[in-house]
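The values are calculated or read from the model by the stated rules, or taken from the named source; none is laboratory data. Owing to the predicted nature of the structure, the values given are computational and were not obtained by experimental measurement. Backbone-built Cβ (ideal geometry, glycine too); neighbour counts: all protein chains shown.
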């Protein structure tokens, strides 16, 4: 199943993330290496949030990721939420449907 992790961030996020970026990226690459995190990154123009796409059997790994993320721990992320995404079209769709 695919899951989105949405981050709302502080207004000066782009400036404040610099000291934590290496730790955050190491955390994200670990999740990617485990096959959980598919894609992730900050929204642009303006940089007012981030979206991460996960592939896992339940939302538990996504929630664990957020709870351990250095950006969340340091308060750069003001709110996060996990949403299941029912994918039906494309090579990686979890529930392919063809008519």
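Output the number of residues of region 71-98 satisfying the condition of being more than 13 Å from the chain's Cα centre (by Cα) and within 14 Å of residue 13 (Cα to Cα). Looking only at that region, the number is 5.
Restricted to region 14-24, and to residues that are surrounded by 13 or more Cβ atoms within 10 Å (Cβ to Cβ) and assigned to a helix (DSSP H, G or I), which residue is modelled with the lowest pLDDT? The extreme case among them is 14.
Being out of contact with any helix residue (DSSP H, G or I) (no Cβ under 7 Å at 6 or more places or on another chain), part of a loop (DSSP other than H, G, I, E, B) and either without any contact (Cβ under 8 Å) to a residue 24 or more places away in the chain or farther than 15 Å from residue 16 by Cα (or both) is the filter here; which residues of region 30-55 pass it? Correct list: 34, 35, 43, 44, 45, 46. Just to verify a result, which residue in region 65-85, among those that are out of contact with any strand residue (DSSP E or B) (no Cβ under 8 Å at 6 or more places or on another chain) and surrounded by fewer than 13 Cβ atoms within 10 Å (Cβ to Cβ), is farthest from residue 25 (Cα to Cα)? Ranking the qualifying residues of region 65-85, first place goes to 75. Of all the numbered requirements in (1) in contact with a strand residue (DSSP E or B) (Cβ under 6 Å, 6 or more places away or on another chain); (2) not in a helix (DSSP H, G or I), residue 11 misses one, and that requirement is (1).
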